[in-house]
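Have a look at the structure below before the remarks.
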Amino acid sequence: DQFSVAEPTAVLMFDTQKILVRPSGAEGPTFTNAKWSDNIPKLLQARIIQSFENANLLRSVAKPMEGLTASHQLLIDIRSFQLSLSATPVADVEFSAKILGDNGKIVDARIFHASVPAKAADAAAAAAALDEAFGKAAVELVVWASALI
């Protein structure tokens, strides 16, 4: 089975390299110089493909490309990927996932969410917590998707 992972869709706010912060009050988003190595959708696409490969669950997982005929396609929509500043800073990751069969029909769909407390309200702690939260959601995604394919 060929399995393709399309680049995740996201509202414009999440199509960025910035580490996003949702402020708790009057203060504005911080971490002006802190950035991911690529835009969030591209990073998550690469990480999702890596998660499937690391789990040894699917031998042929790839980005959609010419010449690849995938029997299933994974579509991701990013709903949240940010640090929320409340009483304690929390990394919040949420995305919806749909699996399309080769007939273009949705095989199944599910929302994945994970929150991880950040050790501090700084860029390094935010990145680490977001990475951990995404990792938890990605594991659930791999288990769910591999059971359906």
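Need one value: the accessible area of Lys42 in square angstrom, 1.4 angstrom probe, rounded to the nearest 10.
Lys42 has an accessible surface of roughly 90 Å² with all protein chains in place.
Which value in nm describes the separation of the simple spin-label points at Lys119 and Val11, placed 7 Å from the Cα toward the beta carbon?
3.2 nm
Taking 0.36 nm per residue of separation and subtracting the Cα-Cα distance, what length does fully extending Ala87 through Asp108 add?
On the way: separation 21, 0.36 × 21 = 7.56 nm, distance 3.65 nm.
Length difference between fully extended and current span is 3.9 nm.
At q = 0.13, 0.21, 0.26 Å⁻¹, what base-10 log of I(q)/I(0) does the Debye formula yield for the range 63-149 when every alpha carbon is treated as an equal point scatterer in vacuo?
Debye curve over Cα of the range 63-149, log10 I(q)/I(0) at q = 0.13, 0.21, 0.26 Å⁻¹: -0.51, -0.92, -1.17.
Quick one: which residues, 5 or more positions from Ala121 or on another chain, have an amide H under 5 Å from its amide H? H modelled 1.01 Å from N in the peptide plane, none for Pro or chain starts.
HN-HN under 5 Å from Ala121: empty list.
How far apart, in nanometres, would the label points at Asn33 and Asn54 be if each is projected 7 angstrom from Cα along the Cα-to-Cβ direction?
3.0 nm
With the Cα gyration tensor of the chain in hand, give its eigenvalues times 5 under a square root as the equivalent ellipsoid semi-axes, listed largest first in whole angstrom. Mind showing how you got there, number by number?
Values: eigenvalues 183, 41, 34 Å².
With the √(5λ) rule applied to the chain, the semi-axes are 30, 14, 13 Å.
Each residue of the range 111-121 in order: what ³J(HN,Hα) in whole Hz does its phi give by Karplus 6.51 cos²θ - 1.76 cosθ + 1.60, θ = phi - 60°, with x for Gly and Pro?
9, 10, 9, 8, 10, 9, x, 8, 5, 7, 9
Non-local amide H neighbours of Val5 (under 5 Å, H modeled in plane, Pro and chain starts lacking H): which ones?
Ala62, Lys63, Leu74
Which residue, Leu43, Leu85, Leu68, has the most motion in a Gaussian network model of the chain that connects Cα atoms within less than 10 Å?
Leu68
Each residue of the range 37-45 in turn: what ³J(HN,Hα) in whole Hz from Karplus with 6.51, -1.76, 1.60 and θ = phi - 60°, glycine and Pro shown as x?
Working through the residues one at a time gives 6, 7, 4, 3, x, 5, 4, 5, 4 Hz.
Can you give the angle from 0 to 90° between the axis of helix 123-148 and the longest principal axis of the chain, with both taken from C-alpha atoms, to the nearest 10?
With both axes taken from Cα atoms, the answer is about 20 degrees.
Whose amide H sits under 5 Å from the amide H of Ala55, counting only residues 5 or more places off or on another chain, with H placed in the peptide plane?
Hits under the 5 Å cutoff: none.
How many Å² of accessible area per residue for the range 67-113, probe 1.4 Å? Don't skip to the answer; put the middle values down first.
Working: 2220 Å² over 47 residues.
Ligands and nucleic acids excluded, the figure is 47 Å² per residue.
Give the relative contact order (percent, whole number) for the chain; include only Cα pairs under 8 Å separated by 6+ residues. Write out the running numbers ahead of the final one.
On the way: 294 pairs, mean separation 36.4, N = 149.
Averaging sequence separation for qualifying contacts and normalising by length gives 24 percent for the chain.
Ordering Thr69, Thr16, Thr9 from largest to smallest accessible area (1.4 angstrom probe), what's the sequence? List each step's numbers first, then the result.
Working: Thr69 115, Thr16 25, Thr9 80 Å².
Output order, biggest surface exposure first: Thr69, Thr9, Thr16.
Total Lys pairs in the chain closer than 25 Å by alpha-carbon, pairs eight or more apart in sequence or interchain only?
17
The values are calculated or read from the model by the stated rules, or taken from the named source; none is laboratory data. All values reported here derive from a predicted model rather than from experimental measurement. All Cβ positions, even for glycine, are placed from backbone atoms using ideal geometry, and neighbour counts span all protein chains on display. Heavy atoms of the whole protein, side chains included, go into the accessibility calculation; ligands, DNA and RNA do not. Shrake-Rupley method; radii C 1.70, N 1.55, O 1.52, S 1.80 Å.
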